[in-house]
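Since every read-out is calculated from the coordinates, none of them should be taken as a lab result. Remember, predicted model here, so these are calculated numbers, not experimental data. Neighbour counts are summed over all protein chains in view; Cβ atoms, including those assigned to glycine, are modelled from backbone coordinates with ideal geometry.
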Amino acid sequence: MKYAIRYHEGQGKSNEKNTKRLINIGDLLMCLSIKRIYEQLGIDDKDIIRVQTSDFQNYKGEYIVLPMNFYESTLEISSRILPVFLALSLEWEQEWSEKDFDLLRRFSPIGCRDEMTMRELHKRGIDAYLNGCLVATFPKRKINVDEQKKVFLVEPHMSILDKIPMELKKDSVKFSHEYFSTMEDFLGDKKDIFDYAETVINMYAKEARMIITSRFHAAVIALALGIPVILIMDNFYFKYTWIKKIIPVYTPKDVNNINWNPKAICISDEEKKLMIQIACRRIKQTYDKYYEICTLSEKRESIEIKKFDYLFYGSEAIQYVNDNWDDEIEIEYSFWGVTHTAYKLHEHIEKKCPKSKLVNVYDMVVKNKFLGVTPKTPDHIAIDNPQFIFVTADSASGAAKTLFQTLGRKSGEYFLCTRKNDL
């Protein structure tokens, strides 16, 4: 079993390598935040498996522990991925299945990036806590007044463009957090997304006098590095609730009340340390919990098998039906044994003799409905006196012979589905 990290190459219809995709720098920062947490754990990059977001559902490699800290629109992931939900944010306009909630219950507690996700999970009885975004854990920059002169306009809201004071506008540079490009063209001379994300952080840390933005992660990285930030957006989006406790979140109606000279506010080292400690502990706990059982299971699994076969002892029973029951027969029949043989035999009888009817199912153990019938124990056979009975459990054939002899049942009133051997 290995540790893993999300390698996010943007969103697009095609997974082909050189296809243009929507690439968001915020996503790259989130990936880098996990890489830094692995560094805190002392795990070398060469020992970490990189998994593409698009491969989560169909991943078939060795078992992996994968930290999850994204805004998710699906929780369809491979059973070979052991998720650690550190900063989950869900799209609540869509419907989530019980399968999704069962996955979250299994791997709780769920660290949430926003308070809405936490509250919705609490409503469903899922253990959750508000973590916030892990991009907030990047260390505070070292101040160098001579170098930090630029005012970064990171996709600022249109309503403030003509309101920005001249002393800020003259030092401003435009920068985007979203691109539509092939990953190859986007990265340029950078070796990977982590290298690119590091470059962005270093740029902000070294050059930014201020950031004016409508982008969530531009605001979060500003709060992590200790850069003055002005955040304005169309409305008070649910993902921003925890940020509003630290800085103002402006909307267009507030444009005349914006403080154009905000103080640099940095998320405290104490909070950052706590977030990192929780993340490290939860990743390690998940790895330790599953390491031995996954290692053993992996040695015994055959993941190349697409479909599993059942033992089937009903071939001769099918032949018996074909030889003795015509298409118009209206016979009532029963099964002794909740088995795959019974299931397949019933399937054949329904097609061959549609007027026939399954009336009883007998089993020593199973109580749940089978083929629409609630099973009874075999001692009911004497009372029910079924018209015809197939003994579909090989292990019951000996007891069935004895019982049928006692009840005086003739060979044409039952059929034993048993395994055949040479002994």
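Shown is the FRET efficiency for Glu271 and Lys191, computed with R0 = 35 Å from the Cβ-Cβ distance and rounded to the nearest 0.05: 0.65. Sequence-ordered 3J(HN,Hα) estimates for region 362-367 from the Karplus curve with 6.51, -1.76 and 1.60 and θ = phi - 60° stand at 10, 7, 6, 10, 5, 10 Hz, glycine and proline given as x. Remark: region 394-400, residue by residue, has Karplus-estimated 3J(HN,Hα) of 4, 5, 9, 4, x, 5, 5 Hz, where x stands for each Gly or Pro and the curve is 6.51 cos²θ - 1.76 cosθ + 1.60 at θ = phi - 60°.
Relative to the longest principal axis of the Cα atoms of the chain, helix 340-352 runs at roughly 70 degrees. Only Cα pairs under 8 Å and 6+ residues apart enter the sum, and on that basis the relative contact order of the chain stands at 13 percent.
When the charge dipole of the chain is built from unit charges on Cβ atoms (+1 for Lys and Arg, -1 for Asp and Glu) and taken about the Cα centre, the candidate among Tyr362, Leu225, Thr199 whose Cα reaches farthest toward its positive end is Leu225.
Here's the list of aspartates and glutamates a cross-link from Lys299 could span, going by alpha-carbon distance under 14 Å and ignoring same-chain residues fewer than 8 apart: Glu62. Where does the charge balance sit around Leu28 when Lys and Arg score +1, Asp and Glu -1, over other residues with C-beta under 12 Å from its C-beta? Charge balance in the 12 Å sphere: -3. Computed from the Cβ-Cβ distance with R0 of 60 Å, the FRET efficiency linking Ile49 to Thr402 stands at 0.55.
Net charge of the neighbourhood of Leu371, taken over other residues with C-beta under 10 Å away and scored Lys/Arg +1, Asp/Glu -1, is -1. Highest mean first, the peptides 277-285, 59-67, 181-189 sorted by other C-beta atoms within 10 Å per residue fall in the order 59-67, 277-285, 181-189.
Pairs spanning more than 27 Å between alpha-carbon atoms, out of Lys99/Lys245; Lys190/Lys263; Lys149/Lys263; Lys191/Lys306; Lys206/Lys263: Lys99/Lys245; Lys190/Lys263; Lys191/Lys306.
Could you grab the relative contact order for region 147-257? Cα pairs under 8 Å, six or more apart, rounded to a whole percent.
31
For the chain, the longest principal axis of the C-alpha atoms and the axis of helix 269-300 are separated by about 30°. Estimate the FRET efficiency between Lys163 and Ser79 by the formula 1/(1 + (r/R0)^6), using the beta-carbon distance for r and 56 Å for R0, to the nearest 0.05. About 0.60, to the nearest 0.05.
When the Cα convex hull of region 43-97 is projected onto planes of every orientation, the mean area is 4.4 nm².
Kirkwood radius for the chain, taken over all pairs of different Cα atoms as the inverse mean of 1/r, rounds to 26.5 Å. Remark: relative contact order (region 315-416) = 30 percent; criterion is Cα-Cα distance under 8 angstrom and separation of 6 or more residues. The Kirkwood radius of region 1-138, taken over pairs of alpha-carbon atoms, gives through the Stokes-Einstein law at 10 °C and 1.306 mPa s a diffusion coefficient of 101 µm² s⁻¹. Among the listed pairs Lys174/Lys239; Lys140/Lys273; Lys239/Lys284, those with a Cα-Cα distance over 22 Å are Lys174/Lys239; Lys239/Lys284.
When Lys299, Lys369 are sorted by how many other C-beta atoms sit within 10 angstrom of their C-beta, beginning with the fewest, the order is Lys299, Lys369.
According to the calculation over all Cα-Cα pairs in region 137-268, the P(r) per 10 Å bin from zero is 12, 42, 34, 11, 0 %. For region 88-95, the Karplus equation 6.51 cos²θ - 1.76 cosθ + 1.60, evaluated at θ = phi - 60°, returns couplings of 7, 10, 10, 7, 8, 6, 9, 8 Hz by residue, with Gly and Pro reported as x. Enter the angle in degrees (range 0 to 90, nearest 10) between the Cα long axis of helix 216-225 and the first principal axis of the Cα atoms of the chain, meaning the one along which they spread out most. Taking the Cα atoms of the chain, the angle to 216-225 is about 60 degrees.
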